[in-house]
Amino acid sequence: MARTPRPAMADRLTTPIIYLVLLVAWEACTRYFRVPGWVLPMPSAIATTAWEWAPELASNTLVTMRETLVGFVLALVLSVPLAVVIAFAPVARRILYPILLGLQSIPKVALAPLVILWLGIGEWPKVVIVVLVCFFPILVNVVAGLEAAPRNMLDLMRSLTATQLSIFLRLRLLVALPPLFPGCKVAITFAVIGSVIGEFVAAQDGLGYLILTSTAQSQTPLAFAALLVLTVLSVVLFYAIEAVERRVVTWTP
Amino acid sequence: MAAASLSLSGVTKVYGRTGTETHALGPIDLTIEPGTFVSVVGPSGCGKSTLLRLVAGLEPASDGRIERDGAPLTGPSREVGIVFQDHVLFPWASILENVLLPAEVLGLPKAPARARALHLLEMTGLKDFAGARPQMLSGGMKQRAAFCRALLADPKMLLLDEPFGALDALTREELSLELSRLWQELGRTALLITHDIEEAILLGDRVIIMSARPGRIRADIPVDLARPRDVRTAQHPRFIEIKQQVRDLIFARPND
Ligand SMILES: Nc1ncnc2c1ncn2[C@@H]1O[C@H](COP(=O)(O)OP(=O)(O)OP(=O)(O)O)[C@@H](O)[C@H]1O
Ligand SMILES: [Mg+2]
């Protein structure tokens, strides 16, 4: 409680300061060694380009973010009920787990062209790819969480003559909540990669498309700007999930 | 008076499959009159917890008959309240919500359940912590909350499996005296498993001593000490006499 503001301030400033130092070093090196802009642009050049191309960057970010979020939410909505089925029906586990594991093992880069062949070059095939890369980390964590209810808590519920449904709602779901979030955090970073993979194969917009076209035209600063926005997007989404986690999981398991 | 009777005849428990089975318990014959407090002591691993789980209906007996109030046991019952060695409080729920769990599960009317829960928390000195999460409480307070939860649905029988086992000596003594008072007020049947001989005598109308695995009843000692009992009861000559008797029985070799 009685934490002095000094170290807290210092803590908060360490990260930005380190990033700033790195940026300055990058700028200095590219200037000093006269690295050509199409190989490695200076941060200042990237910033200028980003400013010039701001409307295009924004509209393409919106596309990629939409694909990522829709895919992620869809993966969440699909994998949680699937996890319930797998956790409680041994038959479903025997049949579904190998299929899902197989699906997870296929490199999504290899699957992407097929998905686009089947679904066209709109946003939906990207959403499907996002779902494919996201569902597994969520599923595995939720299945493990659903099975993690401690024996003594199960005994307590049984001693109260609780039905299986009551045990599920009052105990198992809550035990599965803390592991759900690490799964989601892994999934959301995968999700961003998933939409970019889709956009790399065939697209008309999105940050992946922008990176691809700008590198093809040797507009390296623009590619870097898009890459940067992509990274920020991924980091922001990650922390957004962490913020939700902090609000939902208020106990230490 | 709503207290349950209990009777076990020829009850055994064998865990595992044939070939690798563990004969954990019995045969056990035991009758408990309504409203009596029975303490069970015995060496570690002799099947005390197993006995309690069978009586609670959490596990079926391998052989023999268990009857509660004259009816054969079929499974867990709302008329039984259990306190385990660890508090088993849900970390995501407040103390009040934890104490109200039986009412939630059994679908009891909300308002009276809440009133009773608050009353129980007040009796155990936890009223100020009704809204707190379990991790905010000390070990002794958590175990008090577990007692409140066990008592919420007004069970006819209390099953206690080393309820003070995880506590320090002082808290342990304090809580067992509290339990003694509480039990006298409620007049319910109680079965207490414990490692502590003094605790067994202080609380019990009878002390049952079990032999090493497979646990059988080696002796059944009546405790003819007046109630209410308090700290000084432990200095009573009769208490010391019974304690010596129990110790002798526990540490006696099987063929004596
Ligand atoms: N679920 C189980 N499966 C197999 N064996 C078990 C199981 N539960 C208990 N046992 C065995 O039964 C025996 C009695 O166990 P139990 O827990 O009833 O002993 P206890 O008297 O309560 O011991 P303690 O004093 O250490 O709590 C032990 O040998 C134990 O290994
Ligand atoms: Mg035990």
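The values are calculated or read from the model by the stated rules, or taken from the named source; none is laboratory data. Keep in mind that this is a model prediction, so the values were computed, not measured. Note that we place each Cβ from the backbone using ideal geometry, even for glycine, and neighbour counts take in every protein chain shown. In case anyone asks, the SASA skips ligands and DNA or RNA and just uses the protein heavy atoms, side chains included. Shrake-Rupley method; radii C 1.70, N 1.55, O 1.52, S 1.80 Å.
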Residues B:Asp168 and A:Arg93, FRET efficiency given R0 of 56 Å [Cβ-Cβ distance, rounded to 0.05]: 0.80
Distance (nanometres) between label positions extended 7 Å along Cα→Cβ at A:Leu20 and A:Val35: 2.2 nm
Tail weight of P(r) past 19 Å, computed on alpha-carbon pairs of region B:1-137, percent: 62 percent
Cβ charges +1 (Lys, Arg) and -1 (Asp, Glu), total dipole of chain A, debye: 840 debye
Threshold 50 Å² - residues in region B:54-76 whose accessible area is reduced by that much or more when the chain is no longer isolated, probe 1.4 Å: B:Leu58, B:Pro76
Cβ charges +1 (Lys, Arg) and -1 (Asp, Glu), total dipole of chain B, debye: 300 debye
Considering only the protein assembly as shown, percent of DSSP beta bridges that pair antiparallel, nearest 5: 50 percent
Degrees between helix A:220-248 axis and first principal axis of chain A (Cα, 0 to 90, nearest 10): 30 degrees
Stretchable slack from B:Asp29 to B:Asp230, in nm (0.36 nm times residue separation minus alpha-carbon distance): 69.2 nm
Percent RCO, i.e. relative contact order, over chain B, from Cα pairs under 8 Å lying at least 6 residues apart: 26 percent
Fully extended contour minus Cα-Cα distance, from A:Val85 to A:Ala240, at 0.36 nm per residue: 53.0 nm
Rounded Å value of the spacing that divides the Cα centres of region B:115-188 and region A:129-176: 28 Å
Listed residues A:Met153, A:Met9 arranged by accessible area, highest first, probe 1.4 Å: A:Met9, A:Met153
Angle in degrees between helix B:237-251 and the longest Cα principal axis of chain B, rounded to the nearest 10: 60 degrees
Principal axis dimensions, region B:1-40 - Cα atoms, whole angstrom, descending: 47, 17, 15
Chain-alone versus full-assembly comparison, region A:118-163, residues with accessible loss of at least 40 Å² (1.4 Å probe): A:Asn152, A:Met153, A:Asp155, A:Leu156, A:Arg158, A:Ser159, A:Leu160, A:Thr161
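Taking each pair of distinct Cα atoms in chain B once, what is the resulting Kirkwood hydrodynamic radius in Å?
On the way: mean 1/r = 0.0530 Å⁻¹.
Over chain B, the inverse of the mean reciprocal pair distance is 18.9 Å.
Using a 1.4 angstrom probe on the protein heavy atoms only, line up B:Met136, B:Met141, B:Met210, A:Met65 by accessible area, largest first. Present the calculation step by step, with values, prior to reporting the outcome.
Numbers: B:Met136 135, B:Met141 40, B:Met210 5, A:Met65 65 Å².
The most accessible residue leads, giving B:Met136, A:Met65, B:Met141, B:Met210.
State, as an integer percentage, the relative contact order of region B:184-256 based on alpha-carbon contacts under 8 Å between residues 6 or more apart.
Numbers: 58 pairs, mean separation 21.4, N = 73.
Across region B:184-256, relative contact order equals 29 percent.
How long are the semi-axes of the equivalent ellipsoid of chain A, defined as square roots of 5 times the Cα gyration tensor eigenvalues? Whole Å, largest first. Mind showing how you got there, number by number?
On the way: eigenvalues 342, 146, 32 Å².
Rounded to whole Å, the semi-axes are 41, 27, 13.
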Accessible surface ranking that places the most exposed of A:Thr163, A:Thr64 first, with a 1.4 angstrom probe: A:Thr163, A:Thr64
Once the Cα gyration tensor of the protein assembly as shown is diagonalised, semi-axes √(5λ) in Å: 64, 27, 20
With DNA, RNA and ligands ignored, accessible area of B:Asp63 (1.4 Å probe; Å², nearest 10): 90 Å²
Heavy-atom accessible area per residue - the protein assembly as shown, 1.4 Å, Å²: 50 Å²
Inter-probe distance in nm under a simple model that places probes 7 Å from Cα toward Cβ, at A:Glu147 and B:Glu67: 4.3 nm
Between B and A, accessible area buried - total, square angstrom, nearest 100, 1.4 angstrom probe: 1900 Å²
With Cα atoms, 0 to 90° folded angle of helix B:169-186 axis to chain B main axis: 80 degrees
Charge dipole (region A:27-180, unit charges on Cβ, about Cα centre) - positive-most of A:Thr30, A:Leu154, A:Leu62: A:Leu154
Hydrodynamic radius of region A:108-180 per Kirkwood, over alpha carbon pairs, in Å: 14.7 Å
Computed FRET value (nearest 0.05) for A:Thr231 with B:Glu97, which takes r as the C-beta separation and R₀ as 45 Å: 0.60
With every protein chain in place, region B:58-205: carbon and sulfur % of accessible area (1.4 Å): 51 percent
Proximal lysines to A:Lys108, defined as alpha-carbon separation beneath 20 angstrom and excluding residues fewer than eight positions away on the same chain: A:Lys126, A:Lys185
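Mean separation of Cα pairs under 8 Å and 6+ residues apart, divided by the residue count of chain A: what relative contact order is that in percent?
Rounded, it is 26 percent for chain A.
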Residues in region A:133-175 reached by a label modelled at B:His119 [backbone nitrogen below 18 Å; 7 Å Cα→Cβ]: none
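Keeping the other protein chains in place, figure out the carbon and sulfur percent of the accessible area of chain A, with a 1.4 Å probe. Before the final figure, lay out the partial values.
Working: 10380 of 14060 Å².
Answer for chain A: carbon and sulfur cover 74 percent of the accessible area.
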